[in-house]
Amino acid sequence: MKAFLYGIFLQFRLDIRSKTMLVTCYLVPLIFYAVMGSIFTSLIPDIQSTLIQSMTIMGVSMGALIGVPPTIAEIYGTDIKKMYMANHVPLSFGILSLGFSSLIHLMISSSIILFTAPSIFEAALPSNIGIYYGQLALFILASLTVACALGLFVNNQAKLTMFSQLVFLPSILLSGIMFPSELLYAPLQALGKLFPAYWAYQLLTHPFIEYQSIFYLLLCVLLMSSLCAMLLRKMKAA
């Protein structure tokens, strides 16, 4: 357990120095939040009630889907994997330590949005901060499992960038954070429901606990975690 906690701490420090994580978890999402927050509040009078949730979903999706897969591919596509196997370290150690580290970074980034939006944009805070953080953690976990599965499934860095974008862009455009998803054609609405961001928006903006969204996010975590475990077993047997 001590070794695992030390691995998380070490990965957290490495991520702080990582330009990819800095850009995808902090720099771009927070710039997007500052710019789009100004635009949204100017164009949409009642956006304050959902601004925090929309900008948070954008930031988490970018940090997880764009920032994490390249690091996963770097760990398991280089000699780091051989080092794990030579020292009898479970292959899951890399993905778990990176996942927990990314969870912390995304929570920090989301907290910056949560506590600055009311003073900057007069955004409404969630009615229950504790429940909000629990729901947010579930969304981050779902997004990270998708990101880890991507990083394990696609070995080529160039292809991985393309696949990450193919998941990230529809996830944001069809989630409802930019415009109401009801305006989309039925097939696009159905497609949007395949991504965690859609269910996260329903969950975080609902005045009460939205059990259907929780179910689908938990299902995503279960399915993607199972896929990651299968890919790791296949990698170990190769």
Open item on the list: For the stretch 115-132: of the residues being among the hydrophobic types (A, V, I, L, M, F, W, C) and within 16 Å of D46 (Cα to Cα), which is surrounded by the fewest Cβ atoms within 10 Å (Cβ to Cβ)?
Closed with: L125
Open item on the list: I need every pair where a residue in the stretch 171-182 that is within 13 Å of T56 (Cα to Cα) and modelled with pLDDT of 90 or more has its Cβ under 7 Å from the Cβ of a residue that is of a type outside the set (D, E) and buried (at least 20 other Cβ atoms within 10 Å of the Cβ), sequence separation at least 6 or different chains.
Closed with: I172/M58; I172/S61; I172/A197
Task: Unique residue being hydrophobic (A, V, I, L, M, F, W, C) and more than 25 Å from G94 (Cα to Cα) when the list is L160, L183 - done: L183
Open item on the list: List the helices (runs of 4 or more DSSP H) inside the stretch 155-212, counting only whole elements, that have at least 2 residues being more than 21 Å from S49 (Cα to Cα).
Closed with: 157-173, 186-192
Open item on the list: Being closer than 26 Å to L138 by Cβ and modelled with pLDDT under 80 is the filter here; which residues of the stretch 75-101 pass it?
Closed with: I75, Y76, P90, L91, S92, F93, G94
Task: Among residues of the stretch 41-54, those that are buried (at least 17 other Cβ atoms within 10 Å of the Cβ) and either polar (S, T, N, Q) or in contact with a Leu (Cβ under 9 Å, 6 or more places away or on another chain) (or both), counted - done: 6
Task: Subset of the stretch 183-203 [in contact (Cβ under 8 Å) with a residue 12 or more places away in the chain and hydrophobic (A, V, I, L, M, F, W, C)] - done: L188, L191, F195, A197, W199, A200, L203
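The values are calculated or read from the model by the stated rules, or taken from the named source; none is laboratory data. Quick caveat: nothing in here was measured; it's all calculated off a predicted structure. Heads up, the Cβs are rebuilt from the backbone with ideal geometry, glycines too, and the neighbour counts pull from every protein chain shown.
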